[in-house]
Amino acid sequence: MAPDDIAISVRNLTKNYRLFGHPGDRIKQFFSLGLKQYHREFTALIDVSFDIKKGETVGIIGGNGSGKSTLLQIICGILKPTAGTVQVNGRVSALLELGAGFNPEFTGRENVYFQGALMGFSQAQMSERFDGIAAFADIGEFIDQPVHIYSSGMFVRLAFAVAVHVAPDVLVVDEALAVGDAAFQGKCYAHIDRIRNTGCTIVFVSHDMGAITTHCDHALLLTKGNLTLSGTSKEVVDRYLIGDTAQPKQDTAFSPASANFDPQLTPLSTNAYVPKGAEIRRVQILTLAGEPANLLRRGQVYLFTYDVDFNIALSNVRCGMLLKTTDGRELGGLTSAPTGEGITTAIGMKHQQRFQFRCNLLPGNYFANAGVVGPEGDYLHRIIDATMFSVLPEPNFGGTGIVDISSVI
């Protein structure tokens, strides 16, 4: 039995799935009496254990397919584990994939009461909460329309409003907030901060590292079903973004100097051109003090650097960088020697390229490309999404709050 101060206790949790190549294989497996196997096993979670204290806000991060959503569904009681135990103390309210728990033929109003009944609330209790739910969702007359006509944004508005207005002891939120517009996301995170002050335990999955760092006390990193790192949100996000998931030493403050890891940022994409006389290596973002940085603060100046190994002799060669959003929108970039003569290379030559830029981007995640261009304008080498970084929210930042690529210097 978990101590009184523990909201969620997970012990040796494992979840296996049977994957069948053809629908008919399920029937064959049933009648085979175990003498022949028509499926392959997929393990989504492998011996995962952790505790979350009451009142904590914990983020769960990891790549696609790492087991995040499976873990949340087991915590919520939607899935049963193959092995291990999960104990949750208190009422759980969950916002998982869009549509979960909603009847598409019911109106928004009817679904509000339906969700309340599933959580043990009477009609009178939900009536007391309905005006607050409707005001928060702010979908107007659509509250009385069938939800199957809702846009994804309207759906998440109503689902989140219900989830946070039923006085949960534990609030579980999957990546569903990502479909909301920026204003509504800000409204949701502000409300999350308010309810965490009431003692509500919050667990949520997000690919927005800035949100994890800002709103979470702690974070868990899942890698291919394994819990590979647990610690403060900044510590775990930092390690995740640089590709180092080794467990930190106990009672040791996390910093690049003390963690004893390679400061080279791990490329997040294999989308690289074939080298044609040049090869880009060691792409990273540094502070002006020379320390690796993945969590950037608005208004501060950073260095984008990479090394180039040349195996060709050319003149007027230029290096470049490009910043873009995670959905591929190009924001702008820089090139070396934009008005003058580029560098002259030689076989065996090594070159370090450094670009200085001021971060004035909106909070969120971004990618940076690196490239080397020959005198004819063709790429000698190029790496797309060479590294990833997050810009942290800064409430007191005095800038305009818009993407201003002219601030790249």
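The values are calculated or read from the model by the stated rules, or taken from the named source; none is laboratory data. Here the structure is a predicted model, which means the values were calculated and not measured. Positions of Cβ are backbone-derived with ideal geometry, glycine not excepted, and every protein chain shown enters the neighbour counts.
Tell me which residues, restricted to region 99-111, are closer than 16 Å to Ala163 by Cα and surrounded by 15 or more Cβ atoms within 10 Å (Cβ to Cβ). Can you show your working first?
Initial filter on region 99-111 (closer than 16 Å to Ala163 by Cα): 99-103, 108-111.
Residues satisfying the conditions are Gly99, Gly101, Phe102, Gly108, Arg109, Glu110, Asn111.
For Ala346, only one of the following conditions fails: (1) at pLDDT below 85; (2) out of contact with any Asp or Glu (no Cβ under 9 Å at 6 or more places or on another chain); (3) farther than 17 Å from Val373 by Cβ; (4) among the small types (Gly, Ala, Ser). What is its number?
Of the numbered conditions (1) at pLDDT below 85; (2) out of contact with any Asp or Glu (no Cβ under 9 Å at 6 or more places or on another chain); (3) farther than 17 Å from Val373 by Cβ; (4) among the small types (Gly, Ala, Ser), the odd one out for Ala346 is (1).
What pairs come up if the first residue lies in region 216-240 and is within 23 Å of Lys54 (Cβ to Cβ), the second is among the acidic types (Asp, Glu), and their beta carbons are under 7 Å apart, counting only those six or more places apart or on different chains?
Asp217/Glu56; His218/Glu56; Ser233/Asp217
Being among the hydrophobic types (A, V, I, L, M, F, W, C) and not in a strand (DSSP E or B) is the filter here, so list the residues in region 333-362 that pass it. Steps first, please.
Within region 333-362, the first condition is being among the hydrophobic types (A, V, I, L, M, F, W, C), and the residues that meet it are 334, 337, 343, 346-347, 349, 355, 357, 359, 361-362.
Residues satisfying the conditions are Ala337, Ala346, Ile347, Met349, Cys359, Leu361, Leu362.
Before we move on, is Ile347 farther than 23 Å from Asp385 by Cβ and either in contact with a strand residue (DSSP E or B) (Cβ under 6 Å, 6 or more places away or on another chain) or surrounded by 15 or more Cβ atoms within 10 Å (Cβ to Cβ) (or both)? Don't jump to the end; show me each part of the working.
On the way: farther than 23 Å from Asp385 by Cβ: yes; either in contact with a strand residue (DSSP E or B) (Cβ under 6 Å, 6 or more places away or on another chain) or surrounded by 15 or more Cβ atoms within 10 Å (Cβ to Cβ) (or both): no.
For Ile347, the condition - farther than 23 Å from Asp385 by Cβ and either in contact with a strand residue (DSSP E or B) (Cβ under 6 Å, 6 or more places away or on another chain) or surrounded by 15 or more Cβ atoms within 10 Å (Cβ to Cβ) (or both) - is not met.
Can you run down the residue pairs with Cβ atoms below 7 Å, 6 or more apart or on separate chains, where the first is in region 44-63 and within 20 Å of Ile192 (Cβ to Cβ) and assigned by TED's automatic domain parsing to the domain that holds Thr14 and the partner is basic (Lys, Arg) and buried (at least 16 other Cβ atoms within 10 Å of the Cβ)?
Close Cβ pairs satisfying both conditions: Thr57/Arg196; Ile60/Lys68.
Quick check: is even one residue across region 92-108 at pLDDT 85 or above, of a type in the set (Phe, Trp, Tyr) and assigned to a loop (DSSP other than H, G, I, E, B)?
Scanning region 92-108, I find at least one residue that is at pLDDT 85 or above, of a type in the set (Phe, Trp, Tyr) and assigned to a loop (DSSP other than H, G, I, E, B), so the answer is yes.
Which condition number in (1) on the phi < 0 side of the Ramachandran plot; (2) in a loop (DSSP other than H, G, I, E, B) is the one that Gly299 fails?
The one condition Gly299 does not meet is (1).
Please verify whether region 320-332 includes one or more residues that are at positive phi, assigned by TED's automatic domain parsing to the domain that holds Val391 and part of a strand (DSSP E or B).
Narrowing region 320-332 to residues at positive phi: 328, 332.
Adding the requirement that they be assigned by TED's automatic domain parsing to the domain that holds Val391 leaves 328, 332.
Okay, now just the ones that are also part of a strand (DSSP E or B), so 332.
Yes, because at least one residue in region 320-332 is at positive phi, assigned by TED's automatic domain parsing to the domain that holds Val391 and part of a strand (DSSP E or B).
Restricting to region 112-128, what's the tally of residues that are over 29 Å from the mean Cα position of the chain (by Cα), crowded, with 18+ Cβ neighbours inside 10 Å and modelled with pLDDT under 90?
2
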